[in-house]
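Below you'll find the structure, written out as structure tokens, and then a few comments.
The values are calculated or read from the model by the stated rules, or taken from the named source; none is laboratory data. The structure presented is a predicted model; accordingly, all values stated were derived computationally and were not measured. Cβ placement follows ideal geometry from the backbone for every residue including glycine, while neighbour counts extend to all protein chains displayed.
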Amino acid sequence: MNYYAHETAVIDEGCEIGNGTKIWHFSHIMSGCTIGESCNIGQNVVISPAVKLGRNVKIQNNVSVYTGVICEDDVFLGPSMVFTNVINPRSHVNRKNEYAPTLVRRGASIGANATVVCGNEIGEFALIGAGAVVTKPVKAYALVIGNPARQTGWVSEYGHKLHFDTNGLALCPETGQQYQLSKEGVKRIL
């Protein structure tokens, strides 16, 4: 075993867990899921079957990652954030074959108590504010807040709000990385 699991964690047979991953108190890792290297799975987290987590994914306490969710490398999931996996759930109707996929791209962060409605893609390095309710796809580097979530700006890969000049260029104040704004969105150019 090349990962750490607290004695109260439940890890089902048939899951893959990468080297250096840490799984904390009262978490349940279900069979058929894949967890990459160097992930940190907080307290009281559930990882459902067929979920895929990339490398260095950080999941804070009280998060359920349901079947249909894929998180690429370096994703951050804040405390008590919520994923859904069925658009119209009903207790008396079995819709396990209707799970809508949710893709969280590399480097994206989802704040505490945010909700991501299934079937949406969260773009690379997007930042979802605490308590936001995401009901549609989010562009790469977008900053979204509120209920329903709406875009209020753009952020750098280090999570700083970007301020664009008249040429559509912005610098990250922490790293000096340069970003270009166009009709399609934002991309890092240096």
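Kindly indicate whether Tyr141 is at pLDDT 95 or above and either on the phi > 0 side of the Ramachandran plot or among the β-branched types (Val, Ile, Thr) (or both). It would help to see each step written out before you state the result.
Details: at pLDDT 95 or above: yes; either on the phi > 0 side of the Ramachandran plot or among the β-branched types (Val, Ile, Thr) (or both): yes.
Yes.
Does Tyr158 fit the bill of being loosely packed, with under 14 Cβ neighbours inside 10 Å and aromatic (Phe, Trp, Tyr)? Outline the logic, then answer.
Details: loosely packed, with under 14 Cβ neighbours inside 10 Å: yes; aromatic (Phe, Trp, Tyr): yes.
Considered against the rule, which asks whether it is loosely packed, with under 14 Cβ neighbours inside 10 Å and aromatic (Phe, Trp, Tyr), Tyr158 comes out as yes.
With a cut-off of at least 1 residues that are within 20 Å of Asp74 (Cα to Cα), name the strands (runs of 3 or more DSSP E) lying wholly within the range 142-181.
Values: elements: 142-145, 150-154, 169-171.
Per the criteria, 142-145, 150-154.
To keep it simple, each residue is scored yes or no on (1) within 19 Å of Glu124 (Cα to Cα); (2) under 17 Å from the mean Cα position of the chain (by Cα).
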{"site": "Met1", "(1), (2)": "no, no"}
{"site": "Met30", "(1), (2)": "no, no"}
{"site": "Cys33", "(1), (2)": "no, yes"}
{"site": "Ser38", "(1), (2)": "no, yes"}
{"site": "Val69", "(1), (2)": "yes, yes"}
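Report whether or not Ala149 is more than 25 Å from Arg55 (Cβ to Cβ) and either β-branched (Val, Ile, Thr) or buried (at least 17 other Cβ atoms within 10 Å of the Cβ) (or both).
Values: more than 25 Å from Arg55 (Cβ to Cβ): yes; either β-branched (Val, Ile, Thr) or buried (at least 17 other Cβ atoms within 10 Å of the Cβ) (or both): yes.
Taking the combined requirement at face value, the residue satisfies it.
From the list Asn167, Asn120, which one is polar (S, T, N, Q) and either crowded, with 17+ Cβ neighbours inside 10 Å or under 19 Å from Pro101 (Cα atoms) (or both)? Reasoning before the result, please.
Numbers: Asn167 fails: either crowded, with 17+ Cβ neighbours inside 10 Å or under 19 Å from Pro101 (Cα atoms) (or both).
Just one listed residue meets the conditions, Asn120.
Looking at Ser27, Ser80, Ser31, Ser48, which one is closer than 26 Å to Lys161 by Cβ, among the polar types (S, T, N, Q) and either touching an Asp or Glu at 6+ places or on another chain (Cβ under 6 Å) or modelled with pLDDT of 95 or more (or both)?
Details: Ser27 fails: closer than 26 Å to Lys161 by Cβ; Ser31 fails: closer than 26 Å to Lys161 by Cβ; Ser48 fails: closer than 26 Å to Lys161 by Cβ.
Going through Ser27, Ser80, Ser31, Ser48 in turn, just one is closer than 26 Å to Lys161 by Cβ, among the polar types (S, T, N, Q) and either touching an Asp or Glu at 6+ places or on another chain (Cβ under 6 Å) or modelled with pLDDT of 95 or more (or both): Ser80.
Quickly run through the range 3-21 and pick out the residues that are in contact with a strand residue (DSSP E or B) (Cβ under 8 Å, 6 or more places away or on another chain) and either modelled with pLDDT under 95 or surrounded by fewer than 16 Cβ atoms within 10 Å (Cβ to Cβ) (or both).
Restricting attention to the range 3-21, the residues satisfying the condition of being in contact with a strand residue (DSSP E or B) (Cβ under 8 Å, 6 or more places away or on another chain) are 3-6, 9-12, 15-18, 21.
Those that are in contact with a strand residue (DSSP E or B) (Cβ under 8 Å, 6 or more places away or on another chain) and either modelled with pLDDT under 95 or surrounded by fewer than 16 Cβ atoms within 10 Å (Cβ to Cβ) (or both): Tyr4, His6, Val10, Asp12, Glu16.
Restricting to the range 34-47, what's the tally of residues that are surrounded by 17 or more Cβ atoms within 10 Å (Cβ to Cβ), in contact with a strand residue (DSSP E or B) (Cβ under 7 Å, 6 or more places away or on another chain) and either assigned to a strand (DSSP E or B) or free of Cβ contacts under 8 Å to residues at least 24 places away in the same chain (or both)?
Adding up the residues that qualify gives 7.
Of the residues Ala108, Ala126, Ala132, Ala112, which single one is over 18 Å from Leu53 (Cβ atoms), modelled with pLDDT of 95 or more, touching a strand residue (DSSP E or B) at 6+ places or on another chain (Cβ under 9 Å) and not polar (S, T, N, Q)?
Details: Ala108 fails: over 18 Å from Leu53 (Cβ atoms); Ala126 fails: over 18 Å from Leu53 (Cβ atoms); Ala112 fails: touching a strand residue (DSSP E or B) at 6+ places or on another chain (Cβ under 9 Å).
On inspection, the qualifying residue turns out to be Ala132.
Out of the range 55-84, which residues are part of a loop (DSSP other than H, G, I, E, B) and under 14 Å from Ser109 (Cβ atoms)?
Hits for the range 55-84 are Asn56, Val57, Gln60, Val63, Glu72, Asp73, Asp74, Val75, Gly78, Pro79, Met81.
Would you be able to tell me the number of residues in the range 134-151 that are touching a Gly at 6+ places or on another chain (Cβ under 6 Å) and of a type in the set (D, E, K, R)?
1
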